[in-house]
Each structure stands twice: as C-alpha cells, then as structure tokens.
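Read the structure below first, then the notes.
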Amino acid sequence: MPAKTVMRLISGTHQLWYRLSGGFIGGRFGHLPILLLTTCGRKTGRNRTTPLVYLPDGENIVIIASNGGSDRHPEWWLNLRAQPNAEVQVGPDTKAVVAREAQGEERERLWRDVVDLYHGYDEYRRMTAREIPVVVLTPEN
C-alpha cells in the first residue's frame, strides 16, 4: 500500500475519534496539543481535514508547514495559500479562521516558541532546503 494511502487512513481514523470524542481521544500526542484543520482543496473544492500540532498565541493559533522535513510543502498549506479561509477544531470547539504566513520578527519569535514545544521542528528545518512556513490562524470575527 502506498505511503500516502496509509497516511490518509491514519489521518481519517484520527479525525473520526477526535470528532466523536470532542478531542478527548486524539487531542494530544504525548505532550503535544493536536487540532483538526479543515481547508478547501485547491483543485477539488472539497473539504480536506488534517490533524496538526498547534501552539496557542493569544487568540491566534500557530501551525507549522513542516511536512516532516520534506522538500515539498504540505497539501494543506498549498490549499491555505489558494484559499486562506479555513476551520479548526480544538477539543470540542470549532471556529472559522483566516490563515497567513508569519514574517520577520513575528516568524522568528513563533519559530522559537514552536521549537520549544517540539524540538523535532529544528530537525525538519535541517532536512529541507525550503523555509518552513510558520502559519498564523486568526479567528474570523
């Protein structure tokens, strides 16, 4: 079975349990908090949901488009670049958000914060030639 198919199966199972339990099951991976991000597929127009590690930053939520250190951006980031409006579920709460890529000093501050949360991001940075996007999700008002 291709790796992409396996990852979709794992992600789908994670989403199912997360949604059924309001994040009680699947809301953490060890000490890391997990959310569900739903984007609009840029090619299909269909909703795509991905479980991701996140960092709260005031009312914003920060996610990292690391794709495990791959030289390719994750599909969810490409979807957000095409259509920045999305939805997140954190535990039992769901809200509409707008995504943007952090830049400059904000990016540097948030990168340090996410590396403190999960040291693997620094390893991913060393594995790829691309700059890993730091994505800020701001609640829609």
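A short reminder: the numbers here are calculations on the coordinates, not readings from a lab. On a predicted model such as this, the values are computed, not experimentally measured, just so you know. We place every Cβ from the backbone using ideal geometry, glycine too, and count neighbours over all the protein chains shown.
Would you please classify the overall shape of segment 44-98 from the alpha carbon gyration tensor, given that a ≥ b ≥ c denote the square roots of the eigenvalues, rounded means a/c under 1.5, and beyond that prolate means a/b larger than b/c while oblate covers the rest? Taking the square roots of the gyration eigenvalues as a ≥ b ≥ c, segment 44-98 is oblate.
Taking every Cα-Cα distance in the chain and sorting them into 10 Å bins starting at zero, the pair-distance distribution P(r) comes out as 12, 42, 39, 7, 0 percent.
Charge dipole of segment 1-83 (Cα centre as origin; +1 on each Lys and Arg Cβ, -1 on each Asp and Glu Cβ, all else neutral): 420 debye, rounded to the nearest 20.
Does segment 76-141 come out rounded, prolate or oblate by the C-alpha gyration tensor, with a ≥ b ≥ c the root eigenvalues, rounded set by a/c under 1.5 and, if not, prolate when a/b is larger than b/c and oblate if not?
On the way: a/c = 1.91, a/b = 1.58, b/c = 1.20.
Since a/c reaches 1.5 and a/b is larger than b/c, the shape of segment 76-141 is classed as prolate.
The label point for GLU59 and the one for GLU105, both projected 7 Å from the Cα toward the Cβ, are 2.2 nm apart. The Cβ shell under 15 Å around LEU35 holds other residues with a net charge of 0, Lys and Arg each +1, Asp and Glu each -1. The fewest-to-most ranking of ASP93, ASP57, ASP122 by surrounding Cβ atoms within 10 Å reads ASP93, ASP122, ASP57. Rounded to the nearest 500, the 222 nm mean residue ellipticity of the chain from helices alone is -11000 deg cm²/dmol, with -39,500 (n - 2.57) taken per DSSP H run of at least 4 residues. Ranked by how many other Cβ atoms sit within 10 Å of their own Cβ, fewest first, the residues TRP77, TRP17, TRP111 fall in the order TRP17, TRP111, TRP77. Modelled spin-label separation between ARG48 and VAL98, with each label point placed 7 Å from Cα along the Cα-to-Cβ direction: 2.3 nm. Legend: calculated FRET efficiency, SER21 to SER70, from the Cβ-Cβ distance at R0 = 35 Å, rounded to 0.05, equals 0.70. Here the spin labels are modelled as points 7 Å beyond Cα on the Cα-Cβ line, and at ASP113 and ASN141 they lie 2.0 nm apart.
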